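One structure is given here, and the rest of the page talks about it.
The values are calculated or read from the model by the stated rules, or taken from the named source; none is laboratory data. Note that the structure is predicted; figures quoted are calculated from it, not measured. Glycine gets a Cβ as well: all are built from the backbone with ideal geometry, and neighbour counts include every protein chain shown.
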Amino acid sequence: MPKLLKNQSIFWVLVAAFSILTFCSSCSNLRDDGEKALALAMQAYENYDLPATLPKARSNVRVKVSVSNRMAYVMEGGTPLLVMPVTVGRDSAKTPTGSFRIRAKTRDYRANTHGYRIKGDIVRGCYLRNKPAGWGFKGTPMPYWCEFKSAYGFHTGWMKPFPASGGCLRMHKNVAPKFFRLVSVGTPVSIDDTQPEDKTIGQNIPRPPDSTPFPGHPIRMMALTDKFFSMHSTPTYLNQESQTSEPVLLGK
């Protein structure tokens with residue numbers, strides 16, 4: 001090989017090697033930046049919370065839900081006790097609209113149609129209707145369940161900035177215990193595409209980060225333990241001290 005050509009070959013090999021190293025370094029930096037951004041978003045999600053006020057008279061509490069604004073308003077007369085974002089039903093499983101009442105409250109509720117099939121040390125996600133013979137079944141944990149229609153309720157769940165649930169109204173885990181305490185069996189619930197409050201108290205409410213990229217909880221923990229029912233911050237209320245004489249009914 002001529003010396004000039006040989007030198008040129010060596011030069012281009014070095015250029016290619018340098019390019020590969022630079023590209024790999026850039027990929028590594030991008031990966032590190034992505035992991036840091038995800039970690040920050042997850043921490044912000046964990047820290048998310050909203051203020052709530054205990055009612056003076058529980059019989060005057062009502063709930064209004066705006067599907068388009070993905071917002072729930074817990075009201076006592078004209079006073080908001082809690083304004084919280086909710087994840088509403090996706091297009092194929094829309095959240096029902098209309099007038100309802102809270103018909104049941106269960107703090108440590110598990111779904112009775114979907115969850116996990118269990119056989120010895122093996123745990124797999126499944127719907128109850130598809131569970132093979134000889135396997136056990138444990139429902140998906142749905143903490144702070146407040147049912148307003150058969151098979152539909154408010155409950156703790158991953159929060160999304162778009163319709164994503166199976167029709168239920170998902171609440172952030174740190175806000176769900178507050179909602180659970182504010183409402184009672186019999187509390188009226190009005191669900192519509194919009195609510196008048198959307199234009200007033202429903203604006204500028206901070207929303208939690210999108211949980212879409214977050215890793216899910218370990219399936220064995222969800223199926224075999226009750227840890228998920230306590231994975232939230234301790235709820236506090238703006239008027240907590242003035243309400244100590246009122247009995248607190250948390251349900252099961």
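Taking the criterion of being among the hydrophobic types (A, V, I, L, M, F, W, C) and exposed (fewer than 15 other Cβ atoms within 10 Å of the Cβ), would at least one residue in segment 100-117 satisfy it? Yes.
Can you tell me which residue among VAL175, VAL185 is buried (at least 22 other Cβ atoms within 10 Å of the Cβ), in contact (Cβ under 8 Å) with a residue 12 or more places away in the chain and of a type in the set (A, V, I, L, M, F, W, C)? If you could, list the steps in order and put the result at the bottom.
On the way: VAL185 fails: buried (at least 22 other Cβ atoms within 10 Å of the Cβ).
Residue meeting the stated conditions: VAL175.
Restricting to segment 170-196, count the residues that are touching a strand residue (DSSP E or B) at 6+ places or on another chain (Cβ under 8 Å), over 24 Å from ALA57 (Cβ atoms) and not β-branched (Val, Ile, Thr). It would help to see each step written out before you state the result.
Taking segment 170-196 and keeping what is touching a strand residue (DSSP E or B) at 6+ places or on another chain (Cβ under 8 Å), we get 170-173, 175-176, 178-180, 182-195.
Next, only the ones that are over 24 Å from ALA57 (Cβ atoms) stay: 170, 172-173, 192-194.
Okay, now just the ones that are also not β-branched (Val, Ile, Thr), so 170, 172-173, 192-193.
So the count comes out to 5.
Only one of the listed residues (ASP210, ASP198) is within 21 Å of GLY89 (Cβ to Cβ), of a type in the set (Asp, Glu) and assigned to a loop (DSSP other than H, G, I, E, B). That residue is ASP210. Checking each residue in segment 54-72 for being surrounded by 19 or more Cβ atoms within 10 Å (Cβ to Cβ), closer than 11 Å to LEU182 by Cβ and over 16 Å from the mean Cα position of the chain (by Cα) picks out LEU54, PRO55, VAL61, VAL63.
When ASN112 is tested against the conditions (1) within 25 Å of HIS232 (Cα to Cα); (2) in contact with a helix residue (DSSP H, G or I) (Cβ under 8 Å, 6 or more places away or on another chain); (3) touching a residue at least 60 places away in the same chain (Cβ under 8 Å), the lone failure is (3).
Residues in segment 69-93 that are out of contact with any strand residue (DSSP E or B) (no Cβ under 9 Å at 6 or more places or on another chain) and closer than 20 Å to ASP210 by Cα: ASP91 only.
Is it the case, given these coordinates, that LEU128 is among the aliphatic types (A, V, I, L, M) and within 25 Å of LYS160 (Cα to Cα)? For LEU128, the condition - among the aliphatic types (A, V, I, L, M) and within 25 Å of LYS160 (Cα to Cα) - is not met. What about PHE214, is it surrounded by 12 or more Cβ atoms within 10 Å (Cβ to Cβ), hydrophobic (A, V, I, L, M, F, W, C), at pLDDT 90 or above and closer than 20 Å to PHE180 by Cβ? So PHE214 does not fit the description; no.
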